[in-house]
Each structure stands twice: as C-alpha cells, then as structure tokens.
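*Asks:* Have a look at this one before I ask anything.
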Amino acid sequence: MSTTIKPVNQKAWFLILPVLLCVAFSAILPLMVVVNYSVQDIISPDRRVFVGTEWFAAIMRDEELHGALWRQFIYSFSVLAVELPLGIALALSMPATGWKSSAVLVIVSLSLLIPWNVVGTIWQIFGRTDIGLMGAALQGMGIAYNYTGNASHAWLTVLLMDVWHWTPLVALLGYAGLRSIPDAYYQAASIDGASKWDVFRFVQLPKMRGVLVIAVLLRFMDSFMIYTEPFVLTGGGPGNSTTFLSQFLTQKAVGQFDLGPAAAFSLIYFLIILLFCFVLYNWMQSVGTESKEGGHA
Amino acid sequence: MARIDLDLAHAYSANPQQDSDYALLPLKMRFEDGGAYALLGPSGCGKTTMLNVMSGLLTPSQGTVLFDGRDVTQDSPQARNIAQVFQFPVIYDTMTVAENLAFPLRNRQWAADKIKQRVGQIAEMLEMSAQLNQRAAGLSADAKQKISLGRGLVRPDVSAVLFDEPLTVIDPHLKWELRRKLKQIHHELKLTLIYVTHDQVEALTFAEQVVVMTRGRAVQVGSPADLFERPRHTFVGNFIGSPGMNFIRAQVTNDAVLVGAQALTLPTAMTLPTGDIKLGIRPEYVTVAQTQTPGALPMRVIQVQDVGTHFIVTAEHEGQRVKARLADIATDGAVLVVGSVVWLEVLGAHTCFYKNEEIVA
C-alpha cells in the first residue's frame, strides 16, 4: 500500500476569492453599515457618538415596536396557515395532463406576474364600496365592509390580498412535486387497498415534502418582509392595525431619521428571519425521518 | 387464490388494423391455482401488458379475464384481490418496515394481533426481522425492494401475486438469494405467483411453467425442460439457452435430409414434410463425431472460446454456422483450433425440426 500523502496546495483558496468579493459587496458590507449605525448616535454628518448597546436596550422597551412585531408574527403565520393547505388543495385538483393542464397552469400563474404595488392598487379599488366589485358586493349582502375605517377589515383584506397573490406559488410548487411521483406508487397504493386519504397522507404528502419546505420558507420570508401592499392599500392604518415590521422600520429610519434604533432593530429583524428559516428548515427536513420506536403493527 | 383464465387481446390504439397494432394478440391462457409462472420475453413483447391486464391496472380492449370462472374484466385490482410488485421499490417513506408490511392488512381491517403475527412471519422469511422498527425511507434499494416483495406476499388470501421484473435493482449476488427465497415462499405459502422477466435464468429457475412471449404473442408455455428440449418455435430455441439453439437450413427429399451438398440420414423411420426445413439442435447436444458418421456434418472451426468450465466452438458448413458446447477440445490427440476441420453430429435424439419457424417433429 502506498503511504504517500497528497500534496496540499494552499493556493486553492484563491479560487473562492471571487465569491468572497461578491458576498462582501452584496451582503457583508451593507450589513456592517447597519451594524455601524446601530452602535452610534449620529447627530449630524460630522458629529457621531459611540453609544454601545444603548439603542438595542431602547428598542427592547419600545411598546410600538413590540406591537408591530407581534402583528407581523400573527400575519405571517396566518399567511402560512391559509396558503399552504389551500395551495396543496389547488395542486391536487389541477389536471395532470393535456391542454387543460397547460391552460390551468397559465391561469394559476397569472397573479404571480403582477407587481406588488399594482396588487395593492387593484385591491384598493376592488374593496371600494362604491365602485369596487368586492366592496359593493359585501355591502349589498348587508356587511358593513370598510377597510379604511375598520381595523379587522383592513387586516383581513391585506391577508386576502396576499392569499390571492401568492397561493398560486404554493400550488405550482406542490403541482411540480405531485408530477414527480411515479405511477407505480398510485398503483401499489390501489393494490394495497389504500383510501384516497391514505394516498394523500402516505404517498403524496411525503413526496411533496421537499417542495413544501421551499414553499414555507419563501412564503414566510416574503410575508415577514411585507411592505408594499399594505402601504398602498391602507398606508398601515387604520391606526397601526396593518403597520407591519418593515413599514414601522421605514417610518423610523426614513420618516423620523432615528437611524440608530432602526439599525439596531434591523439587525434583530435579520436574526429573527435567519433563526426561523433555520428552525423551519431543520424541522421540515426531520419530519418523519427520525426513526420511530415501538411502531410495530 | 384463484385459477386465472385469459381469453383476450389488447391494443393501446383505438382501432387496431394489423398485428403490429396489438400489444397483445388474441390469446387464450390458463394459470392454475397455486402455480409459479414466469412470463419471459424481450422488452416490448407484451409481458407487462399481460401482467397489468391480469392485475386490473389495464382493461383489455377485447375479451375477458376470469378468476375461478368469474368474470373480473372490469374489476379493479382491489376487487380482484391481486398483489403486485413493481420493477422499482415502492415503499411508504414515512412508515417503518413493519408498518409498510402491515399496510395492506390494516386497510382490510385485520385485527392488530393477527397483523403482528403475519408481519412477523413475512419478515422472518425475508430476513428482515431485525429491521422491522426502522424507517423504510433510510434503507438500501435492496431492502426497499424486499419490503415491496413483502407487501406483495403479506396477504394470505390473494388471488395471485404478480411480479413485474422485481429484481432489476437488486445486486447480482442478492438476486440468487431472493429468487431462492421466492421459491421457498411459494412452497410455504402456496400462493399463485406470476413473474415477469426478460432474464431467462430468472424465469427458468423461478417458475414451474414459463410463458415465452414475443411481439404480443405467447409462443410457448411449458416447463423449463420443455423449453430447453423441444422449443415449439425457433424464437424460443434462440431466446432460451446460452448460446441459443443452432438452426441449420436443410432440404427434405423422400429419403434424406440435405444440408447443402451433404446428405444426412434420419436415425429412425421418421416422416418429415418435404421441402425447406430447419434443423434445431442445442449447442449442448452437438458432439464431435467420427468422419462420415450418418448424422454429422464436416465443418471448419472458425472460433474457439474458452469460458472456463467448457469451450464454445463455432464451426461453419457451407456458410451455415453451428455452435457447440464442448467439455474438451482435444479429440483423438488433436486439439481443435481455428481452421481445423471436424465432423460434428447435428442429427440425433435431441434434434428438432422446424417448418415456417414452427416445430414439426
């Protein structure tokens, strides 16, 4: 047996230099700017004071921010709770082959092509009680619908808007997952006497797991950063009922020029998203992969 | 358990005009209860179509499928009470091995203790007892396919268990192992097993009766020995055996069989239709003979292959090639080499005669 050790060439590290440069300019440097702001009090362009963790301590006590954070969580989880089952149901009911499947795919993806601010405008008109189809219809049914005045109506409208806009993404991902299941699985399930629910539970859902993880991640991150739609529709109101995190931060940073606290919270915001993605991803990957004990018969 | 009678044809297109439009040409066939059958043929010969017609995944375009005399042509696989194992492992990822094996029984409302007992028995046979509580998704392809086999075998009351090339993904050394297991299981469980394969070794070692198929037609149904000794069609002779049967074009006159200029005399008082025929002889039965032996042809050796346990000698007579499987190539002190002339006996007790590709004697 040969005992020669492969020569180690440290020059290979230079190969990752381009990536490092890209990441530095696209992520690390901007992030460091925010870090820089978060530990200083900038009074004027040439007067700045190092304040340490003071801004972090301040925002931890900020009631308004707590409210925005809380609203944000409720909103993001509502988005997931509605869009995921709905998207799966949609994917299951889409035709698998032929011209019908192409037609349905195109129709389903239409809403994904519309820019965020246009979506806000569409729904702003759609919800108006005088000329909007939905607003007028609800009014006609005797519901005192008013998204500009009623906080829960506004919140529901923003949620509905997101569901309308993004459920097709979940459906398309689910559809792709379903199409990758070989026929033999359905045939075997039918021969094993599985019910429709069993097929869904034991064949389709496990096989869709990969794409659903991606759907959850995308929808969580996207909805956690939602800005444009409520900004266009309600401007964050009535009151602060639809003021979500990014809008709150924008108001703080750009509206009031409280750069320090805004930067401090941006970092926390960033860590929350990172943490959630990490936890979600690991959880979804491990669902059903842990070895079951005592599950015999 | 059931006897299966097929009297049907199937075409995937709506309006079959000619033979080549049919995946299965009109055929009649009976599979006896408790038998071990193999459907053998090259890819695209219609064997998987036949299997799917039996299992109910496919409804034949004409004709009927009878189970114990009952017409089940329109019934689903569930209604027919069929089990089928596919080419690639189909397992339920989120279940353990035991839950996978129990799934067909649970769906049929078996009592928990009976399920446990039966699953234990099947796992024992497949040597999977140690893995029962492992999750199926993490296992190797071999083990997954064993689970698929197990799910096929777990129901004791099935009409038949159908295997669609189930050992394709299995390692060669495990193939032997699993084939032996299947045979043993067939003895123990007395299920009707029907096994589709394009591998003759698999078919011949597994089955009691082999159905040889080509181009949508079942050309011969018989025991492995029948297929070897008396292939009814030249296709069978060629397809079964390694190398396949030799076919020698010949002319039958009133009193002799002419191969080119050489006349062979028939060993017994045999009547053959006059005209063009083919002699079929297995390489195993071609022997080196003395010069001018009545049933032998003078041949020039064109290839000698040493395959370890024996030699495959290819020789030629007036452009017709014959392969012989010889234990030894040293004859009368002389060793057969390329170019040497040798008399090979081709007309003997094991020789078959074919006219228009069908056996005549």
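*Asks:* Label points 7 Å out from Cα along the Cβ direction at A:ILE181 and B:THR265: separation in nm?
*Replies:* Output for this residue pair reads 7.4 nm.
*Asks:* If R₀ is 25 angstrom, what is the calculated FRET efficiency for the pair B:ALA256 and B:GLU284, using the beta carbon separation as r and rounding to 0.05?
*Replies:* 0.45
*Asks:* Does anything in segment B:65-87 have its amide N under 20 Å from the 7 Å Cα→Cβ label point of B:LYS114, and if so which residues?
*Replies:* From segment B:65-87, the list is B:78-83.
*Asks:* With respect to the cross-link table entries B:LYS28/B:LYS355; A:LYS196/B:LYS144; B:LYS144/B:LYS181; B:LYS144/B:LYS175; B:LYS28/B:LYS175; B:LYS114/B:LYS144, which display a Cα-Cα separation exceeding 20 Å?
*Replies:* Going by Cα-Cα distance, B:LYS28/B:LYS355; A:LYS196/B:LYS144; B:LYS28/B:LYS175; B:LYS114/B:LYS144 fall outside the 20 Å limit.
*Asks:* Further question on the same structure: Along Cα→Cβ, 7 Å out, is where each label goes; now give me the distance between the ones at A:ASP41 and B:HIS350 in nm to one decimal.
*Replies:* Reported label-point gap for A:ASP41 and B:HIS350 is 10.5 nm.
*Asks:* With only alpha-carbon atoms in the gyration tensor, what are the semi-axes of the equivalent ellipsoid for segment B:22-136, in Å, largest first?
*Replies:* 32, 17, 13
*Asks:* Another question, then. For chain A, what's the relative contact order in percent, using C-alpha pairs closer than 8 Å and at least 6 residues apart?
*Replies:* Once divided by the residue count of chain A, the mean separation gives 26 percent.
*Asks:* Let me ask another. How well do other chains shield peptide B:103-114, expressed as the mean number of their Cβ atoms within 10 Å of each residue Cβ?
*Replies:* Mean number of neighbouring Cβ atoms from other chains: 3.
*Asks:* Moving on to the next point. How much length would be gained if the chain were fully extended between A:VAL104 and A:ALA137, taking 0.36 nm per residue of separation minus their Cα-Cα distance, in nm to one decimal?
*Replies:* 9.2 nm
*Asks:* Once Rh for segment B:244-291 is found with the Kirkwood sum over Cα pairs, what is the Stokes-Einstein diffusion coefficient at 10 °C and 1.306 mPa s, in µm²/s?
*Replies:* Translational D for this selection: 135 µm²/s.
*Asks:* Name the residues whose placed amide hydrogens come within less than 5 Å of the amide hydrogen of A:GLN40, ignoring near sequence neighbours (fewer than 5 apart) on the same chain.
*Replies:* A:VAL51
*Asks:* Through the Karplus equation 6.51 cos²θ - 1.76 cosθ + 1.60, θ set to phi - 60°, convert the phi angles of segment A:213-218 into ³J(HN,Hα) values in whole Hz; use x for Gly and Pro.
*Replies:* Karplus values, whole Hz, x for Gly and Pro: 4, 5, 4, 4, 4, 4.
*Asks:* May I pose another question? Which percent, nearest 5, of DSSP beta bridges in the protein assembly as shown are antiparallel?
*Replies:* 80 percent
*Asks:* I'd like the orientation of helix B:141-153 relative to chain B: the angle between its Cα long axis and the longest Cα principal axis, in ° from 0 to 90, rounded to 10.
*Replies:* 80 degrees
*Asks:* May I have the pair-distance distribution P(r) for segment A:156-226, computed from all Cα-Cα distances with 5 Å bins from 0 and rounded to whole percent?
*Replies:* Percent of Cα pairs in each bin: 3, 15, 21, 19, 13, 12, 8, 5, 3, 0.
*Asks:* Please give, to one decimal in nm, the separation of the simple spin-label points placed at B:THR59 and A:ALA144, each 7 Å out from Cα toward the Cβ.
*Replies:* Here the answer is 5.9 nm between the modelled labels.
*Asks:* Something else about it: Could you tell me what fraction of 2.2 N^0.38 Å the Cα radius of gyration of the protein assembly as shown comes to, as a two-decimal ratio?
*Replies:* 1.45
*Asks:* Could you tell me the calculated FRET efficiency between A:ARG48 and A:THR228, based on Cβ-Cβ distance and R0 = 25 angstrom, to the nearest 0.05?
*Replies:* Efficiency, from the Cβ-Cβ distance: 0.20.
*Asks:* Let me ask something else about it. Normalised by the residues of segment B:242-359, what does the relative contact order come to in percent, with Cα pairs under 8 Å and at least six apart?
*Replies:* 30 percent.
*Asks:* Based on the alpha carbon coordinates of chain B, what radius of gyration and maximum Cα-Cα distance (Dmax) apply, in Å?
*Replies:* So, for chain B, Rg and Dmax equal 24.7, 76 Å respectively.
*Asks:* Follow-up question, since we're still on this one. With a cut-off of 8 Å between alpha carbons and a minimum separation of six or more residues, what is the relative contact order of chain B in percent?
*Replies:* Dividing the mean separation by the residue count of chain B yields 16 percent.
*Asks:* Where does each of A:132-141, A:242-251, B:73-82 land if you order them by average Cβ count within 10 Å, highest first?
*Replies:* Top of the packing list down: A:242-251, B:73-82, A:132-141.
*Asks:* Stick to the Cα atoms of segment B:242-359, pair each with every other, and give me the Kirkwood hydrodynamic radius in Å at one decimal.
*Replies:* Value: 14.5 Å, from the Cα pair sum.
*Asks:* Related question: Per 5 Å bin, what is the whole-percent P(r) computed from every C-alpha pair distance within segment A:54-286?
*Replies:* In whole percents, the pair-distance histogram is 1, 6, 12, 14, 15, 14, 12, 10, 7, 4, 2, 1, 0, 0.
Each reported figure results from applying straightforward, stated rules to the coordinates on display, with no laboratory input. Model, not experiment: these values are computed from the prediction. Because the Cβ atoms are built from the backbone with ideal geometry, glycine has one as well, and the counts that use them run over all protein chains shown.
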